[in-house]
1. Scan the stretch 7-24 residue by residue and report those that are without any contact (Cβ under 8 Å) to a residue 12 or more places away in the chain and farther than 16 Å from I143 by Cβ.
2. How many residues, within the stretch 37-56, are in contact with a Phe, Trp or Tyr (Cβ under 7 Å, 6 or more places away or on another chain) and more than 13 Å from I94 (Cα to Cα)?
3. Of everything in the stretch 90-111, what is modelled with pLDDT of 90 or more and not in a helix (DSSP H, G or I)? Give them in sequence order.
4. Look at F165 and say whether it is surrounded by 13 or more Cβ atoms within 10 Å (Cβ to Cβ), at pLDDT 90 or above and either among the aromatic types (F, W, Y) or not assigned by TED's automatic domain parsing to the domain that holds K55 (or both).
5. Quick check on the stretch 12-41: of everything there that is within 15 Å of A82 (Cβ to Cβ), surrounded by fewer than 17 Cβ atoms within 10 Å (Cβ to Cβ) and touching a helix residue (DSSP H, G or I) at 6+ places or on another chain (Cβ under 9 Å), which residue is modelled with the highest pLDDT?
6. Name every residue in the stretch 1-32 that is of a type in the set (D, E, K, R) and not in a strand (DSSP E or B), in order of residue number.
7. Could you check the stretch 136-145 and list, in sequence order, the residues that are of a type in the set (S, T, Y) and surrounded by fewer than 16 Cβ atoms within 10 Å (Cβ to Cβ)?
8. Among all residue pairs at least 6 apart or on different chains, which show Cβ distances below 6 Å where the first residue, located in the stretch 42-61, is touching a residue at least 12 places away in the same chain (Cβ under 8 Å) and surrounded by fewer than 21 Cβ atoms within 10 Å (Cβ to Cβ) and the second is charged (D, E, K, R) and in a loop (DSSP other than H, G, I, E, B)?
Amino acid sequence: MSIPHIKFNPSVSSESLIEVIDLGDLHGRRKALDHSPEKPHRMGFHMLIYIEEGKGAHFLDFTRRQYVSGSFIFISKNQINAFDLSNRPQGKAILFTDDFVNRIQESMEMPVFSPVYLDNNYSPVFRPSKSVQHSSKNLLSEIEKEIQHGTPNSLVVMFLFSSLFLIIERERGKALKRVSGKNRNKKVEHFIELLENQFTQSRNASEYADQLHITYKPIKISRKKS
C-alpha cells in the first residue's frame, strides 16, 4: 500500500508556518482533498489535535489510540496517521512546521516543543484537567483569531502557541511522573513476590530481570585497598 506524503499547504497565506483547522470542516471537505484524511498518510509537518467533543481512535504509527472529549493528540512530522471521523468529533487541529518551531526557539531562547515520539514516556493522547482544558481552549481560540487577523503579529502567535504547549506539558509531566511511580511500585511488589516463591531455586539476578521485563545491569563495586 502506497502511503501518501502530505505537504504543509495553509489556506490562510503561502508564507504562514502555522494553521488552525476545524475538525468539523475537515469532515465536510474530505471529498475535496487529494487524499483521504481517514486513510493512513504521512505528514510533512507537526500537528496538535484538541477533541472538544466526541470519542474515537486516531490511527498513529499502526496503532489505534483511543481518545475522548477533552483529549489532546500529539503528532510529530513524518508519523503515519489517519483521522477517525466516524463519530464526527468536534475540535481543532493546529498544523505547524519545523520553521515555526525554530523561530520560537530563536526568538524566545527556550525549547518549547520536541517530537513526542522521542520521549521515553511517549504517550500521544493526553487528557488534562478541566481547568487546563478551559485555558487551552481559550488559547486555541486566540491563536486562530490572530492568524486570521488582517495583519497578524507572528510574535503574538508564537507567545500564544508557547503558552498553550507549556501549560499542557506541565500537567502532562505531572501525570507521567504519577504513572511511572505506580509502575515502579508494581515492579517492586512483583519482585518481592518472585523472591518469596523462587529464592530457594534461583539467586540469579538476570533471571528475575527477565521475568520482570527489565534490563539487568550489574553494578561494579570498587574495593579500596587496605
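The values are calculated or read from the model by the stated rules, or taken from the named source; none is laboratory data. Every value quoted in this text rests on a predicted model; they were computed, and no experiment measured them. Don't worry about glycine lacking a Cβ; one is built from the backbone with ideal geometry, like all the others, and counts go over all protein chains shown.
1. First pass over the stretch 7-24, keeping only residues without any contact (Cβ under 8 Å) to a residue 12 or more places away in the chain: 9, 11, 13-15.
Result: N9, S14, E15.
2. So the count comes out to 6.
3. Q90, G91, K92, A93, I94, L95, F96, T97
4. Details: surrounded by 13 or more Cβ atoms within 10 Å (Cβ to Cβ): yes; at pLDDT 90 or above: no; either among the aromatic types (F, W, Y) or not assigned by TED's automatic domain parsing to the domain that holds K55 (or both): yes.
For F165, the condition - surrounded by 13 or more Cβ atoms within 10 Å (Cβ to Cβ), at pLDDT 90 or above and either among the aromatic types (F, W, Y) or not assigned by TED's automatic domain parsing to the domain that holds K55 (or both) - is not met.
5. E38
6. First pass over the stretch 1-32, keeping only residues of a type in the set (D, E, K, R): 7, 15, 19, 22, 25, 29-31.
Result: K7, E15, D25, R29, R30, K31.
7. Applying the first criterion (of a type in the set (S, T, Y)) to the stretch 136-145 yields 136, 141.
The one that is of a type in the set (S, T, Y) and surrounded by fewer than 16 Cβ atoms within 10 Å (Cβ to Cβ): S141.
8. Once the first residue is touching a residue at least 12 places away in the same chain (Cβ under 8 Å) and surrounded by fewer than 21 Cβ atoms within 10 Å (Cβ to Cβ) and sits in the stretch 42-61, its partners that are charged (D, E, K, R) and in a loop (DSSP other than H, G, I, E, B) give G44/K7; G56/D84; A57/D84.
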